[in-house]
Amino acid sequence: MTGQAQATILGIETSCDETAASIVVRDQSGRGVIRSNVVRSQLDEHAAFGGVVPELAARAHVEWLDHIIAQALDEAGMELSEVDAIAATAGPGLIGGVLVGLTTAKALAASLDKPLLAVNHLEGHALTARLTNGVEFPYLMLLVSGGHSQFVLVRGVGDYERWGGTIDDALGEAFDKVAKLLSLGHPGGPAVEAIAERGDPKRFKFPRPLLREARLDFSFSGLKTAVRLQAEALAPLSDQDAADIAASFQDTVAVVIETRAGQALEKFAELFPGQEKRLVVAGGVAANQRIAAALDVVCTKHDAQLIVPPIALCTDNGAMIAWAGAERFALGTENKLTVAARPRWPLDDPDMNVNTNVS
Ligand code: KG4
Ligand code: ZN
């Protein structure tokens, strides 16, 4: 397989609480077209527990994945035999779910005698902007989801440098915990943003952890504790109190993200003088308008391009896995059927190198 040929890839995503499958075609010039992108969220299954229950997630993937794949093929107007390769998330993620998707992909690859592509979920997020916006390397990615908060320098397919991450909670997780504290339900991000709209962001001054330090890391657990202490001090909370807490929390986070993104863009400029600066955002928290506005401000200030893919492609989906698979397939990567599912798999792992066949 060379970079010249067109390839049709089936992508499978099951690493958290979305069962997803997609058909993506990558043409000779490297452009991608999403032929179908089916996502079944398990929100309802987990809602009563206030978070994702791994065993329930795995069971729902087992129950639904075959149907979701069939639907993805159907919507693309394709037969399985027309697919050139099968890509599936092999990690990082909840291991029961990852096993369901990867094992299904292995079975399909073996029975159809097609190549298997074991995709790192984070690489799926990292390369999505190339599918949606045709972004060229190198660029900076800010991944902010329920499980991750990190800056990654994306130099090429399989060539990543992690520039910092969270030392405790992920940003989406912090939103979810604040929502729980304010009795707003799960997932918390959209609910916190909704009530923050009528809140006063200046009423409470919450700590901005690590902000004075030069490192590009995040820490959100101290902020979360400060929010809890404030809520306890005011209890019982009026609607306005809750809205003010949500707005003040969200504003604090936006300032942290804005400052950190500025530092990351400066580092990028030092490393690539004269190169156009590009910041790509990925993960569910990218939907937050206050954070998006903060990123807009910092990118304008640093003369950088801000790229936010459509939100349905920022959150977990099969198209990002199919596309990452397509990029790897074009470079000649193919995995052995013995490839293992991995609960942890950082993007700068040596196994990410496109010349390394993970086995
Ligand atoms: O990327 P994602 O769909 O799933 C993974 O974690 O992989 O991200 C979900 C996270 C949740 O924590 C959710 O609360 C957060 O993204 N989120 C938001 C918003 N929409 C989703 N956080 C803040 N504001 C939002 N509007
Ligand atoms: Zn994700």
| task | Take SER145 and decide whether it is open to solvent by 10 Å² or more (accessible area, probe 1.4 Å), within 16 Å of ligand 2 (Cβ to nearest atom) and within 17 Å of the chain's Cα centre (by Cα). | result | yes
| message | Report every pair of residues separated by at least 6 positions or lying on different chains whose Cβ atoms are under 7 Å apart, first residue within the stretch 145-163 and touching a residue at least 12 places away in the same chain (Cβ under 8 Å), second part of a loop (DSSP other than H, G, I, E, B) and of a type in the set (Gly, Ala, Ser). | response | SER145/ALA170; SER145/GLY283; GLY146/ALA170; GLY147/ALA170; HIS148/ALA170; HIS148/GLY283; SER149/ALA170
| task | Can you tell me which residue among VAL53, VAL25, VAL38 is free of Cβ contacts under 8 Å to residues at least 12 places away in the same chain and surrounded by 15 or more Cβ atoms within 10 Å (Cβ to Cβ)? | result | VAL53
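Working carefully through the options ALA129, ALA118, ALA109, ALA88, find the one that is aliphatic (A, V, I, L, M) and more than 21 Å from the chain's Cα centre (by Cα).
Numbers: ALA129 fails: more than 21 Å from the chain's Cα centre (by Cα); ALA118 fails: more than 21 Å from the chain's Cα centre (by Cα); ALA88 fails: more than 21 Å from the chain's Cα centre (by Cα).
One residue alone meets the criteria, ALA109.
Yes/no per residue for (1) touching a helix residue (DSSP H, G or I) at 6+ places or on another chain (Cβ under 9 Å); (2) open to solvent by 50 Å² or more (accessible area, probe 1.4 Å); (3) of a type in the set (A, V, I, L, M, F, W, C); (4) more than 16 Å from ligand 2 (Cβ to nearest atom):
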| position | (1), (2), (3), (4) |
| --- | --- |
| ILE86 | yes, no, yes, yes |
| THR89 | yes, no, no, no |
| ILE95 | yes, yes, yes, no |
| GLY101 | yes, no, no, no |
| ALA107 | no, yes, yes, yes |
| ASN120 | yes, no, no, no |
| THR128 | yes, no, no, no |
| PHE137 | yes, yes, yes, yes |
| MET141 | yes, no, yes, no |
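Restricting attention to the stretch 24-43, does a residue exist that is within 16 Å of ligand 2 (Cβ to nearest atom), out of contact with any strand residue (DSSP E or B) (no Cβ under 8 Å at 6 or more places or on another chain) and not in a strand (DSSP E or B)? Explain how you work it out, then say what you get.
Taking the stretch 24-43 first, the residues within 16 Å of ligand 2 (Cβ to nearest atom) are 37, 39-43.
Right, trim to out of contact with any strand residue (DSSP E or B) (no Cβ under 8 Å at 6 or more places or on another chain) and you get 43.
Now narrow it down to the ones that are not in a strand (DSSP E or B): 43.
Within the stretch 24-43 (the criterion being within 16 Å of ligand 2 (Cβ to nearest atom), out of contact with any strand residue (DSSP E or B) (no Cβ under 8 Å at 6 or more places or on another chain) and not in a strand (DSSP E or B)), the answer is yes, since at least one residue qualifies.
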| request: Please work out which one of (1) out of contact with any His (no Cβ under 6 Å at 6 or more places or on another chain); (2) of a type outside the set (Gly, Ala, Ser); (3) buried (at least 20 other Cβ atoms within 10 Å of the Cβ); (4) closer than 26 Å to VAL354 by Cβ is the condition LEU181 fails and give its number. | output: (4)
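Can you list the helices (runs of 4 or more DSSP H) lying wholly within the stretch 249-355 that have 3 or more residues being modelled with pLDDT of 95 or more, more than 16 Å from ligand 2 (Cβ to nearest atom) and buried (at least 19 other Cβ atoms within 10 Å of the Cβ)? Walk me through how you get there before you give the answer.
Numbers: elements: 289-301, 311-314, 318-330.
Answer list for the stretch 249-355: 289-301, 318-330.
The values are calculated or read from the model by the stated rules, or taken from the named source; none is laboratory data. This is a predicted model, so every value here is computed, not measured. Glycine gets a Cβ as well: all are built from the backbone with ideal geometry, and neighbour counts include every protein chain shown. Accessible surface areas use protein heavy atoms only, side chains included; no ligands, DNA or RNA. Shrake-Rupley method; radii C 1.70, N 1.55, O 1.52, S 1.80 Å.
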